[in-house]
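Peer 1: Pasting in a structure now, in structure tokens, and then I'll have a few things to ask.
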Amino acid sequence: MRRPTEAASLAAVDWAAIATSLDARGYATTGALLDAAECGALAGLYSEDAHFRSRVVMQRHAFGQGEYKYLRYPLPRLVDGLRQAIYPPLAGIANRWRERLGEAERFPPTHVDYLARCHAAGQRRPTPLILKYEAGDYNCLHQDLYGELVFPLQLTILLSDPERDFAGGEFLLVEQRPRAQSRGEVVPLRQGEAVIFPVHHRPVAGTRGTYRVTMRHGVSRVHLGRRYTLGIIFHDAA
């Protein structure tokens, strides 16, 4: 069962507008999905290792600077509720994208069914994660691919307050179109707000039909303070 504040916030999301923004700009923002107390509770989990299956220090892998931890199953109730509730409207968008790209397979209507596919394919490790950035930290442009099965949309929720907790640390998206220069976007977020964006590519209408553009995301350097985010990825990892 989802908590009342979360259910009310999701009910207020205009999914038609989300779909339109994703098609036009390659991303969409939701407005606040979590209140300050919920954001603080999730950020507070970071110091409690029992909730996590692994920790990654980004500079050790040339991913950037900072660190993140992957949550373990069972996921925290709030994270699991968001993942299950947001998947169905995004699956509708993802299936429409597949149709535009001429891809036959469709995503099932519920996240439980999609996870069953992932687990049958050997992708059984949960991918939702909490990221922590401090002054000087950043995240290089990347894609969150963890196996053969990829759900094409994901989201990041800002858990910290950009007016109080940190400066810098903007969410970045870069789109690379064939035979064209890359286009970058800075997406400002408020505490509790999510940005929804493609994992690896999206369809774009061209003069000769629909084609794929490659997407990567990252975070600019944090200048002051500490920044926490929650990442929700819908496919599990091999």
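The values are calculated or read from the model by the stated rules, or taken from the named source; none is laboratory data. What you are looking at is a predicted structure, and each value in this text was computed from that prediction instead of being measured. All Cβ positions, glycine included, derive from the backbone under ideal geometry; neighbour counts span all protein chains shown. Remember, those area values only see protein heavy atoms, side chains included, never the ligands or the DNA or RNA. Shrake-Rupley method; radii C 1.70, N 1.55, O 1.52, S 1.80 Å.
Peer 1: With θ set to phi - 60°, apply the Karplus curve 6.51 cos²θ - 1.76 cosθ + 1.60 along segment 146-156 and write out the HN-Hα couplings as whole Hz, x wherever there is a Gly or Pro.
Peer 2: So the J values, rounded to whole Hz, are 10, x, 5, 7, 9, 7, x, 10, 8, 8, 10.
Peer 1: Continuing with the same structure: Mind listing the long-range amide H neighbours of LEU71? Cut-off is under 5 Å, sequence gap 5 or more, other chains count too, H placed in the peptide plane at 1.01 Å from N.
Peer 2: For LEU71, whose amide H was placed from the backbone, the distant partners under 5 Å are ARG53, LEU129, ILE130.
Peer 1: Shifting gears a bit: What number, rounded to the nearest 500 deg cm²/dmol, is the helix-based mean residue ellipticity at 222 nm of the chain, given -39500 (n - 2.57) per DSSP H run of at least four residues and division by all its residues?
Peer 2: My calculation for the chain gives -8000 deg cm²/dmol from helical runs alone.
Peer 1: Another question about this same structure. Explain nothing, just compute: Karplus ³J(HN,Hα) = 6.51 cos²θ - 1.76 cosθ + 1.60, θ = phi - 60°, for every residue of segment 36-52 in order, whole Hz, x for Gly and Pro.
Peer 2: 4, 5, 5, 4, x, 5, 5, 4, x, 5, 4, 7, 10, 4, 4, 7, 10
Peer 1: Then there is this: Could you list the residues of segment 67-99 with an amide nitrogen less than 16 Å from a label point located 7 Å from the Cα of ARG226 in the Cα-to-C-beta direction?
Peer 2: 67-69
Peer 1: If you filter segment 1-104 for GluC sites (Glu not before Pro), then keep DSSP loop positions with at most 15 other Cβ within 10 Å, what is left?
Peer 2: Details: sites: GLU6, GLU38, GLU48, GLU67, GLU99, GLU103; in loops: GLU48, GLU103.
Filter output for segment 1-104: GLU48, GLU103.
Peer 1: If you work out percent of Cα pairs over 28 Å apart from the coordinates, which of (i) 36; (ii) 32; (iii) 28 do you get?
Peer 2: (iii)
Peer 1: Just grab the label-to-label distance for TYR211 and ALA50, each label 7 Å out from Cα along the Cβ direction, in nm (one decimal).
Peer 2: About 5.4 nm separates the two model spin labels.
Peer 1: Can you list residues from other chains, or at least 5 along the same chain, whose modelled amide H is less than 5 Å from the amide H of THR214?
Peer 2: Placed amide hydrogens put GLN176 under 5 Å from THR214.
Peer 1: So how many Å³ per residue does the convex hull of the Cα atoms of segment 107-238 work out to?
Peer 2: 125 Å³
Peer 1: Here is a further query. If amide hydrogens are placed 1.01 Å from N in the peptide plane, which non-local residues have theirs closer than 5 Å to the one on HIS235?
Peer 2: Correct list: PHE151.
Peer 1: Can you work out D for segment 193-238 in µm² s⁻¹ from Stokes-Einstein, where Rh is the Kirkwood radius over C-alpha pairs, the temperature is 10 °C and the viscosity is 1.306 mPa s?
Peer 2: Estimated via Stokes-Einstein, D reaches 113 µm²/s.
Peer 1: Mind checking the per residue accessible area of the chain for me, 1.4 Å probe, whole number of Å²?
Peer 2: Value returned for the chain: 47 Å² of accessible area per residue.
Peer 1: Express the carbon and sulfur contribution to the solvent-accessible surface of the chain as a percent, rounded to the nearest whole number, probe 1.4 angstrom.
Peer 2: Heavy-atom surface of the chain belonging to carbon and sulfur, 1.4 Å probe: 51 percent.
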